[in-house]
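> I am attaching a structure below and will ask some questions about it afterwards.
The values are calculated or read from the model by the stated rules, or taken from the named source; none is laboratory data. In this text the structure is predicted, and so the values were computed from the model without any measurement. Heads up, the Cβs are rebuilt from the backbone with ideal geometry, glycines too, and the neighbour counts pull from every protein chain shown.
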Amino acid sequence: ATGRVREVAPQADAATRTFQVKVAIINPPEAMRLGSTLTGRIKLAPPPGVQVPASALTQTDGHPAVWVVDPQSQTVSLRDIDIARHDAASVVVAQGLQTGDLVVTAGVQTLHPGQKVRLLGAAS
C-alpha cells in the first residue's frame, strides 16, 4: 500500500531513537485496520542539484569546494559549492555546479589553480 505522511513527532523516542510518523494510507487493503502499527519505507525525491563522488570534495578557506576543469585550456580552477546532502560515497551540490561541468574526482589535494590536467581517456 502507499500513503502520505500526515504527521511526524517533533522528537525521537529516547529509548528507540525512532520518530512516530502518522501516515494516511491510500486505498488500504481490507486486512489493514485503522490504528495498525506497521513498518514501511519512504521514497524521497532526489534533492535538486548535481551529484559528484565524495572524493571530489575539498575545501577553500574552510568552505566546501571542488576543482572544475576548463575543457578548452584543460586547466583547473577551485569553485566554492553549497552542499545539499552528502554521504560516504557522494555529495549533492545545491549551488556552484551545473550539469555538464567537468569535476576532478581524484588527486584533489595536490592541485593548484591554473594547473594543466589530462582527462582520463583523452589522447596524450
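> Considering the range 14-41 alone, what residues qualify as being among the basic types (Lys, Arg) and under 12 Å from residue 3 (Cβ atoms)?
Passing the criteria: 22, 41.
> As an exercise: evaluate residue 119 against (1) within 30 Å of residue 7 (Cβ to Cβ); (2) modelled with pLDDT under 90; (3) surrounded by 10 or more Cβ atoms within 10 Å (Cβ to Cβ) and give the number of the one condition it does not meet.
Evaluating residue 119 over (1) within 30 Å of residue 7 (Cβ to Cβ); (2) modelled with pLDDT under 90; (3) surrounded by 10 or more Cβ atoms within 10 Å (Cβ to Cβ) leaves (1) as the failure.
> Tell me whether the range 75-83 contains one or more residues that are in contact with a Phe, Trp or Tyr (Cβ under 7 Å, 6 or more places away or on another chain) and not in a strand (DSSP E or B).
Within the range 75-83, none of the residues are in contact with a Phe, Trp or Tyr (Cβ under 7 Å, 6 or more places away or on another chain) and not in a strand (DSSP E or B).
> Let me ask something else about it. Take the residues in the range 35-83 that are closer than 15 Å to residue 107 by Cβ and among the β-branched types (Val, Ile, Thr), then tell me which one is nearest to the chain's Cα centre (by Cα).
Among them, the one singled out is 52.
> Being among the β-branched types (Val, Ile, Thr), farther than 16 Å from residue 53 by Cα and surrounded by 15 or more Cβ atoms within 10 Å (Cβ to Cβ) is the requirement here; does residue 108 meet it?
In short, no.
> Pull up the range 9-34, narrow it to residues that are under 26 Å from the mean Cα position of the chain (by Cα) and β-branched (Val, Ile, Thr), then point me to the one that is surrounded by the most Cβ atoms within 10 Å (Cβ to Cβ).
Within the range 9-34, the first condition is being under 26 Å from the mean Cα position of the chain (by Cα), and the residues that meet it are 9-12, 17-21, 23.
Subsequent filtering for residues that are β-branched (Val, Ile, Thr) retains 18, 21, 23.
Working: 18: 9, 21: 13, 23: 16.
Ranking the qualifying residues of the range 9-34, first place goes to 23.
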